[in-house]
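Data first, discussion second: the structure below is written as structure tokens.
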């Protein structure tokens, strides 16, 4: 057992195990993510309509048309609206969710009586499918039957809240519902982070006379950095994929006021039978995400080394 | 809780505490509002809803919508309700969550404690994969499942969910383990502990909170997925969400809002259960954490 | 881990086996008819097949007026496992037919004489290169107006015959403090109204030139501007909360007497009947003023997928059962639409249904039967949605009528 050769073999095995264990995940990601992205880039250069079809004789039923889809895409006022909405929606959504999530986590971490009761109440919106909750939100925000109507019935006659029907404000109601759905989960992520922090450090700092405020600002929140990274990635991902919510709440309306890239992509790929344009919009989205995420990830991950 | 509270470092005064409770309760109000609308409308006859009383308490209380959503509502040609689809969802969600969480934990462990050249780039690649829009996944995924012979099977669905879940679970565990003292791992290595031993004995016991977060996330996402379930499962093997969607989304049929709301809450029950049960481990994690220091 | 993988493999093998076994004598049907009445009506078809010893694998996928089902269909075809029959609408059928993915039902059609009983305008969507590829179930017509009879009576309003009558009726209701028009502001609903308004403003030739032939000059004409102006009039006479409302809730406004009229396809009838209202007594159904002779339609069909070159016995039995007069009547009685064949006895239908059958037969024989633009039976999906974009933007005040006409010409030319 203790011969040198065997020990050597064991160490080498130990060195290989991590890479072996990691490899299936890596292979999956390479094929099912990056492979599919390449496929999409290819489709975006074709005039595919229902499917990039190959018929029984092995003939393609589509043609390569270069950048024509991209030209068309940027001529569509629709796409412009979707991109602008995305910027407003994603920005607000990520910031507000992070703030609420962090606040709730910190407050809940103060040895709150009934934490076990509160936590699920904050989290439950995640569990509900938006094809139905969208309807509840839609009714609540509807001036005729929801909040405006109720407040007016209470006696505040001039109260107005018609954002969901207003082209300039409807996107904020989508933010509101989206924040409602995920801020509880962000709270959970931060709570997990807080529970992982070593209490000894805090005690030491407190002995040195640090105030609660300083304790959080100087020691605890900086320690939550990885949790911020997780929250950002999760929220950015959710913002980009927000789809059901818009479909159920506003259907992209009033008019086209709440159209988002996800609804745009789906609509062109699947309901308008213009898969080529749908694919080109997906490629543009991926490039945009990469342009924002890669510098952020680079800065975030590099420091750790 | 009692044990833990003596261990905390943060102390707050009575006034601050009252304020904290007020804020927390205000948020409860915000979160609970839509649920109020859903519950209230799920126990009303339809005529009361279409008559305009969407916000008021029911004047005629009925649980019929719940019974209907569960066992007699039309979700296909046969009036089966949501009931038969529950098991389909469970048999897909449980393995998918288990596999993706285990893979994520191991990946996170490797990426933080067994670092090698290029590991950061690998992690970056996995992270970026979270952003792939589902619209572009559908068609090539269908082709691959067809080739593998997994089209229309639960195993195929599990594969799909593991593939698109592993990026997130890796993210959670990597970022959690990043804060875990590497010295402990090194010390164990010197003592001759192997790769799996270290993971099992040292990291896993204090992973409570992050396992909870990861399971909540995976369970919710996979349980609520509609598009993959509809596309890659057979009709009878379709998950809950497909049935719920069929119940709720009709374009030219009569809309029974009360049944829709009851169905939505029923469909969310397992996830809610997971939140309540798993939530306990947040506290356990705290206790484990206080030991480890 | 190993154990998990091994069990996984086993279940996979078992599942694959049971799937192939189940497909041997079954038909698998992908559809989006999941709400109470329609699903129950489809069950009639299922039972019919079961008496012939043919099993029915149900694959319901609702959502987006069939969009979700079409998405799922793409996945199934890509995986090399298309269903036997798939519910589909208008140009989607032709698209799949042109890709060579559908079966040739000509033998069956000849045997059962489909060519003689199905209206020609509908055959256009059921055939590719002279081959029958799908089996039509029903014909919906979209240029209906639904009205609350007691509201009209109380205000001394007769059924409006012309646009001017309609304007006068709307003004009367408005003066009486009743919402004249119940409407749900969703793109497809706006477009449904636009179909009827355009037909009424410009007549059948105009409608055909603009929406079926997609003639640029007609799309940009003054008549089109007039149509948009009329839409603006309608917009001025809906309530403030129209945007985003489901069509059923708009119907409920008419049922409850809060509103006078709703422009909606014949499926709205189901809501009235469900609320215990009687056609002719409690509510009225009539063609949009100025389109009394025309019918704009959309039709549900089941397209039959090619199963390796031949039409299997099961597939033929399914197609034949769909077109059988008994199923056509049983189904359409519930659905609110009318049978896809004009030779069946409609005496079992209610007053509105009988009216619908009569109108359809008359329109079909006088060349006044046109596909609905709003429901994808006038132009392909890309054009339809481009029209949606403009009509909705105009209806919500983003464009004035003049701009809307220009945008319409543009949008259609990009989408073509």
How shielded is A:198-209 by partner chains, expressed as the average number of their Cβ atoms within 10 Å of its Cβ atoms? 3
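Hey, could you grab the Kirkwood Rh for the stretch B:194-266? Inverse mean 1/r over distinct alpha carbon pairs, Å, one decimal. If you can, show how the numbers build up before the last one.
Numbers: mean 1/r = 0.0651 Å⁻¹.
Roughly 15.4 Å, rounded to one decimal.
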What's log10 of I(q)/I(0) for the stretch B:83-292 at q = 0.08, 0.14 Å⁻¹, Debye sum over Cα points only, no solvent? -0.35, -0.92
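Note the direction-averaged projected area, equal to a quarter of the hull surface, for the Cα convex hull of chain C, in nm².
That works out to 22.7 nm².
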P(r) of the stretch C:308-416 in 10 Å steps, Cα pairs, percent per bin? 13, 26, 24, 25, 11, 1
How long, wide and thick is the stretch A:220-275, going by the Cα atoms along their three principal axes, in whole angstroms, largest first? 49, 25, 14
Across all Cα atoms of the stretch A:69-219, Rg and the largest Cα-Cα distance (Dmax), in Å, are 20.9, 65
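Taking Rh as the Kirkwood radius, which is the inverse of the mean 1/r over Cα pairs, what is the Rg/Rh value for the stretch A:148-275? Let's see the in-between values first.
Details: Rg = 21.6 Å, Rh = 18.3 Å.
Using only Cα positions, Rg/Rh for the stretch A:148-275 is 1.18.
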Semi-axes in Å, largest first, for the stretch B:13-62 (Cα gyration tensor, √(5λ)) are 35, 8, 7
Hydrodynamic calc, the stretch C:173-329: Kirkwood Rh from Cα pairs, then Stokes-Einstein at 25 °C with viscosity 0.890 mPa s, so D in µm² s⁻¹ is 134
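Counting DSSP beta bridges with both partners in the protein assembly as shown, what percentage is antiparallel, nearest 5?
Details: 26 of 42 bridges.
Given both bridge residues lie in the protein assembly as shown, the antiparallel proportion sits at roughly 60 percent.
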Choice from B:142, B:230, B:187 showing the highest fluctuation, given a GNM over chain B with Cα pairs closer than 10 Å: B:187
Paired Rg and Dmax values of the stretch C:113-152, which use every Cα atom, in angstrom: 16.2, 51
Just the Cα atoms of chain A: what Rg and Dmax do they give in Å? 25.1, 90
How large, in Å, is the protein assembly as shown by the Kirkwood hydrodynamic radius built from its alpha-carbon pairs? 30.3
Could you give the semi-axes, largest first, of the ellipsoid that matches the stretch B:72-128, computed as the square roots of 5 times the alpha carbon gyration tensor eigenvalues and rounded to whole Å? 42, 12, 5
With a 10 Å cut-off between alpha carbons and a GNM built on chain A, which of A:253, A:101, A:35 moves the most? A:35
DSSP beta bridges in chain C [antiparallel fraction, %, rounded to 5]: 60
A correct Stokes-Einstein calculation for the stretch C:44-114, using the alpha-carbon Kirkwood radius, 25 °C and 0.890 mPa s, returns a whole-number D in µm² s⁻¹ of 174
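Where a number appears in this text, it was derived from the coordinates with a stated rule and is not lab data. Because the structure is a prediction, the values reported are computed rather than measured. Note: ideal-geometry Cβ built from the backbone for every residue, glycine included; neighbour counts use all protein chains shown.
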